[in-house]
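I have placed the structure first, in the form of structure tokens, so that the comments after it can refer back to it.
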Amino acid sequence: MKSRFVIVAGVLVVGSLIALAYYRAGLLNLPSVSDQLTASDAGLDKLGDLRALDHDLALTEASTEARPLATPVRSALTAIRDGNEETGIHQLQDAVKKDPTNLVVGNALRMETMKLKRKWLAQSANQSEIALNFPEYLRDEPVRFLRELVRRQPSREAKLQLSLALVDHMLLFPALEIKAPSSVEAVEVLTDILNHESPSYVPALYARGLNYLYRPFNLVWPERIAAPVDAASNDLSLCVAIGQKIGAGSDRLKAELSLALGDAYAKEGKLSLARSWWQIANNIAHDEKFRTRVFARLQWGDEDVAASLEETLQHQMEDLDHPLSDLRFMWE
């Protein structure tokens, strides 16, 4: 076991140097990006502001220096934690209406709704009741609210939240008859953003790429137009290329994008590219838990990659304490 660890560690070091050289030379299959592309085009221009707002929401006491939206959102979160769940959800919805383009607030609405739905599902299971017996303020939410928001105040950010709310739904209800149509609709919403509004909008590219990546390996998805086999790597490689061109984003964001791109290439059977991107993710990351995820992948033999990757992705989908649809990694 020790010798295997030493061998893998040696491969990791050597491979990391090779991967880094390729990355700097721009030879790792990255698409070209226009020199005219701006951070605003990519949705990467206000990450510091989003991080600051998220920090304000996490404070245990009110601050006079907190951003304007922090006060009503913190009030809503406090109401939920005090048991006034319906009031808190409605307050979060009102905060989203005030600034529908703010990803932190929209993300808070989705994540809090998801937590409350998980609680109700657990209560229903314990009481042998029908699992979908949600109270009215949670029924079909936040999809219902976000559909109306997109109709009244359309923006790429509101559409992104709608697509992610559909992903939230499929994470909560992973049965194929629910998961498949939710994923298809989410991809349609994201494609609308990318085709008609912001072709270089990184959050939408990433979300669509993950939708493709996490689909079951051997099933044909019920789409009107079937996605190409390299759909995931196309979207995720463009995310990485845009981030590299602009130079925006935290190390965590860059590492997550690189890891996901490696997974996409592994799913396509391009194992050399996959391992290069996993090694790049390891180079960028500073978090040991993240590096453990990378190291596990680098230990897979060629014959084990497909099965091991599918099992790993399934476990990540089931980890509802850290939902795949949570956007906080973008600005943390």
Inset, instruction - For residues that are surrounded by 15 or more Cβ atoms within 10 Å (Cβ to Cβ) and either modelled with pLDDT of 95 or more or not small (Gly, Ala, Ser) (or both), tally how many sit in the range 61-70. - result: 2
Inset, instruction - Kindly indicate whether Pro154 is modelled with pLDDT under 95, closer than 24 Å to Val202 by Cα and not basic (Lys, Arg). - result: yes
Inset, instruction - Test Leu219 against the criterion of being within 15 Å of the chain's Cα centre (by Cα) and of a type in the set (A, V, I, L, M), and give yes or no. - result: no
Inset, instruction - Taking Glu157 as the residue in question, decide whether it is assigned to a helix (DSSP H, G or I) and under 15 Å from the mean Cα position of the chain (by Cα). - result: yes
Inset, instruction - Out of Leu210, Leu194, report the one residue that is modelled with pLDDT of 95 or more and within 15 Å of the chain's Cα centre (by Cα). - result: Leu210
Inset, instruction - Would you check if Leu164 is under 21 Å from Arg224 (Cα atoms) and at pLDDT 95 or above? - result: yes
Legend entry - the range 194-209 residues that are at negative phi and surrounded by fewer than 20 Cβ atoms within 10 Å (Cβ to Cβ), paired with ones that are among the hydroxyl-bearing types (Ser, Thr, Tyr) and assigned to a loop (DSSP other than H, G, I, E, B) (beta carbon under 7 Å, 6 or more apart): Leu194/Tyr201
Inset, instruction - Tell me which residues, restricted to the range 267-303, are farther than 13 Å from Glu256 by Cβ, of a type in the set (A, V, I, L, M, F, W, C) and touching a residue at least 12 places away in the same chain (Cβ under 8 Å). - result: Leu271, Leu273, Ala274, Phe295, Ala296, Leu298
Legend entry - Of all residues making up the range 79-126, the number that are of a type in the set (Gly, Ala, Ser) and either surrounded by fewer than 16 Cβ atoms within 10 Å (Cβ to Cβ) or touching a Gly at 6+ places or on another chain (Cβ under 6 Å) (or both): 5
Inset, instruction - Out of the residues in the range 144-184 that are crowded, with 17+ Cβ neighbours inside 10 Å and acidic (Asp, Glu), state the one that is nearest to Glu223 (Cα to Cα). - result: Asp168
Inset, instruction - Run down Val189, Val220, Val229, Val184 and say which single residue is closer than 30 Å to Lys98 by Cα and at pLDDT below 95. - result: Val184
Legend entry - Within the range 222-245, considering residues that are β-branched (Val, Ile, Thr) and crowded, with 24+ Cβ neighbours inside 10 Å, the one nearest to Leu273 (Cα to Cα): Val240
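The values are calculated or read from the model by the stated rules, or taken from the named source; none is laboratory data. Worth saying up front: this structure is predicted, and the values here are computed from it rather than measured. Reconstructed Cβ throughout: ideal geometry from the backbone, glycine too, with neighbour counts over all protein chains shown.
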